[in-house]
1. Summing +1 for each Lys or Arg and -1 for each Asp or Glu, what net charge is found among the other residues whose Cβ lies under 15 Å from the Cβ of Leu685?
2. Under 17 Å Cα-Cα from Lys264, which lysines qualify once same-chain neighbours fewer than 8 residues away are excluded?
3. Please enumerate, by chain and number, the lysines with C-alpha under 27 Å from the C-alpha of Lys36, excluding those fewer than 8 residues away in the same chain.
4. At 1.4 Å probe size, put Leu685, Leu120 in order of accessible surface, largest to smallest.
5. Can you tell me the convex hull volume per residue for segment 239-319, based on C-alpha atoms, in Å³ to the nearest whole number?
6. Summing Lys, Arg as +1 and Asp, Glu as -1, what charge do residues with Cβ under 12 Å from the Cβ of Ser620 carry, Ser620 excluded?
7. Kindly sort His612, His246 by accessible area of their heavy atoms, largest first, with the probe set to 1.4 Å.
8. Go through Tyr446, Tyr63 and list them by solvent-accessible area, largest first, probe radius 1.4 Å.
Amino acid sequence: GFEAPGVNEVMLNFFVFGAVLWHCASALRLDVSPAKKVVKMLKKLKSDATALGAQEKAEFAEYAKFCEKTKDEKSYQIGRSGKKIAKWDADIAVLAEDVKALDGELDKLKAEKSDLQDQLAEAASSRDKARAEYEAGAKEISDAMAALDKAKDTLKGAQEGLSLISMRELANGVLDIGSRTDLRLNSQQLDQLNDLGTPKYKAKSSDIVAMLRGLRSTFVANKHNLDMEEEEAKHSFNKLKMNLEHEIKYTGQILDEKTLKKSKKASTKAQLEKDKTAETNAMETDKTFLTSLTEECEEKATVASERQKKNEEELAALGTAISKLAEGGVQLPQVNAIKAVVQRELKDVRPLAELASSDASFLQLDSEDSPGYGWAKLKELEAKANLPALSLAVREARHAEDPLAKVRELIKGMVTKLEDQGKEEATAKTFCNEQVTKHSTDRDKYKAEIETLTSSMETDTASLHQSKKEMALTTEDISKLSGELEEAGKLRANESASNEVALKEAKAGKEASDFALKTLKGFYSPGSSFVQSRSLVPDRDGKTLEDLAPKVNTEDYAADAKQRSSGVLGMLEVLRDEFSSTVSETKEAEAKASTAFDKYKSGSESDLKSKHKVVESLTSEISKLEASLLKTKGDLGSAKEGLALSEAELDKLKGLCTEGEESAEVRRLRREEEIQTLKNTVTELNELIQSS
């Protein structure tokens, strides 16, 4: 629990005093005089300055090497880029001429190919027309031969000579055939056809047949000649077509080759132009970088010279101070210097009473019986909601580190559970048989029993865990407090002995410390600062000087030296200021420390007694909780067996569920009301937590 602020404040101040005293005593080593300690620190400072000078000299030398090397590299890269660009310019000009020449050749080849394609199209068109004419002529000859054969058959079938009318009809039919130019009849054959069937023509049917036979032979000869002409024309066309197609193909191949060649040259030219642009940009970037590098290197050389000079001056000032302090041989007071540091440390210590006041709201929520506002508000919400589930959550959270947050977490879990139950019940069937009702009732009974037992186990387990945790913390507090009390006694004894020695060493060394301060402050006063030029100009690879150059220090040397020496100067000032008041302050400190220790000892012994009583009470409570958990665990096992049997029987029935004693609609309305109440409680808890 929270104890009286006065006792703990004394205990805290005493421990801070003791810890700082022990730390300072260890740092200054009480077997060595402060003067010797200061000389040792000055020698260390001089050694560090010597090492720093050597280090910076090496670093600036390395930077100078970097400058020369990088200048050479960049100059070489710039020259090489110029040669590349000149060569690429020449190559680009040649490629441009080649592309231009290829464009002329391609235009000529395209025209030749187009002309050949036109010739082929014209020849094909002529061939199609001749073929159509051949097919028409061949058909006419075939039709004429068929008509002659029909006429000849008609004459052969006649039993007696034909009448003039029949003869005239036959003559007109044959004449109509013979009048066609494609049949190629001579004038004699045409005259015979014209005389056929006239009154003056008198001939036998056998003479007519002979004449028709002669006409047919003429038609056959004409058909043969027509076929031969067609074959010859076809052959000539195919030959011409093959030649033209070959020339077109050959011209197309040459065109493709020239096109590919032009594409390659144009691509090469474009790539060279791209490379040239990139190289030109890189070269210009390197030129800018080289200019920046030259300026930066010159500036760094100036800074290096100035810092080296300042380093030599610092070493000279330190040597003078060390010599003067060594010549004095004084014994400066030890413990009073420590007291000064201790008092400065205690000046910023915050009293424990203030800490207790600022943390009161948290401590008031640590117990259910505490009268704090937070717990009272939680009880008010419990009464307002009037829900058993919320009451259970409040009881479970009584041992939590943050009861409000714990209750909010438990309520959210309840809301989720109720919503899940609603979803499950929404799909349940409304009718159940008698057996389902029986086993459902048994199952619900076992579930309720298990829930009660589980909740009881969780509550007891949480209580047991909290009790054991409190037991461990209290036991640890007892051990820690006992050790601290013993250690405080030792520190008090050492402090008392140190104070006795300090009273005998109150007068010494002010002259040496004043001289050392005067000498060192003369050098470590602020000087002019160096402006460090940090070039951010990148080279062709995107690297800046900050990326490439070795690191060197170009800040104000005097400011750096003052920062390094601040500990020594502060120590000298503390020692100088504390000489005159060492005796009186040591006596006063001894008296205060003795009184503080006595109060601390009394308070600690009382605290130890109270904590031992807490341990006895917790031991008894832990035994009771363990016994209760053992019994609850057995009851829970029996309930789980009964639940398993009930659920197994329900699984056999497959598909029906029961609404119990009330309808699904009543349960839904009640559940929704409970969910809304819990959600409203969560909202109020959130507002309470945010305002706390």
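1. Net of charged neighbours comes to 0.
2. Lys264 reaches Lys100, Lys274.
3. Lys44, Lys46, Lys310, Lys324, Lys339, Lys504, Lys507, Lys510, Lys518, Lys521, Lys562, Lys587
4. Highest to lowest solvent-accessible surface, that is Leu120, Leu685.
5. 72 Å³
6. For residues surrounding Ser620, the net value is -1.
7. My answer, sorted largest first, is His246, His612.
8. So, going from the largest accessible area down, we get Tyr446, Tyr63.
The values are calculated or read from the model by the stated rules, or taken from the named source; none is laboratory data. No experiment lies behind these values; they were computed from the predicted model shown. Cβ: placed from backbone, ideal geometry, glycine included. Neighbour counts: every protein chain shown. Remember, those area values only see protein heavy atoms, side chains included, never the ligands or the DNA or RNA. Shrake-Rupley method; radii C 1.70, N 1.55, O 1.52, S 1.80 Å.
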